Structure formats: C-alpha cells, structure tokens
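Right, one structure below, let's go through it.
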Amino acid sequence: MPISPDEFLKKHGFDKEEDSPDHSLQHNAIEHAKHLRRPHAGTPHDWEDWERYKREHPGEVEPEEKESDNSKG
C-alpha cells in the first residue's frame with residue numbers, strides 16, 4: 001500500500017515544521033518601527049519630522065552609519 005508524501009517525510013524525519021520567515025507587510029512594518037534609522041527618501045516635511053523625533057527620543061533611534069567616501073583616491 002503506497003504511503004502519502006506527508007507520511008514518507010514523517011517516517012524519514014523530515015516532518016519538523018520549521019517556521020518560514022514572516023515577510024508580510026505588517027511584520028516588515030513592525031521590524032522597521034523597532035529599528036528606527038535615518039530615512040532614505042521623503043519630503044522636506046518627512047525630514048523635519050525625523051529631525052524632531054531624533055531630538056525628542058534620542059534613545060529610540062539607532063546610530064547612523066558613516067557612509068564611506070569612495071571618491072577619495
């Protein structure tokens with residue numbers, strides 16, 4: 001009698017359910033909010049909001065990484 005693919009996997013130890021990474025928009029938004037960094041684009045109003053937020057909540061913003069200057073030779 002043939003066995004189902006699920007039974008075969010279970011028989012040979014491949015039945016471990018590994019959680020696939022959550023790539024939903026909600027998950028990504030939550031992760032982004034947890035690790036606040038300098039925006040890459042936006043309107044002047046967005047940048048003003050960002051600067052104000054940095055002043056008001058300095059401990060909640062991750063430090064900015066220094067961009068390497070590749071123009072120097």
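Close amide-amide hydrogen proximity is noted between L36 and E62, each under 5 Å apart and 5 or more residues distant or on a separate chain (H modeled in the peptide plane; Pro and chain starts excluded). Taking other residues whose beta carbon is less than 14 angstrom from the beta carbon of D46, and scoring Lys, Arg as +1 and Asp, Glu as -1, yields +1.
Only the coordinates and a few stated rules stand behind these numbers; no lab work does. Keep in mind it's a predicted model, so treat the numbers as computed, not measured. All Cβ positions, glycine included, derive from the backbone under ideal geometry; neighbour counts span all protein chains shown.
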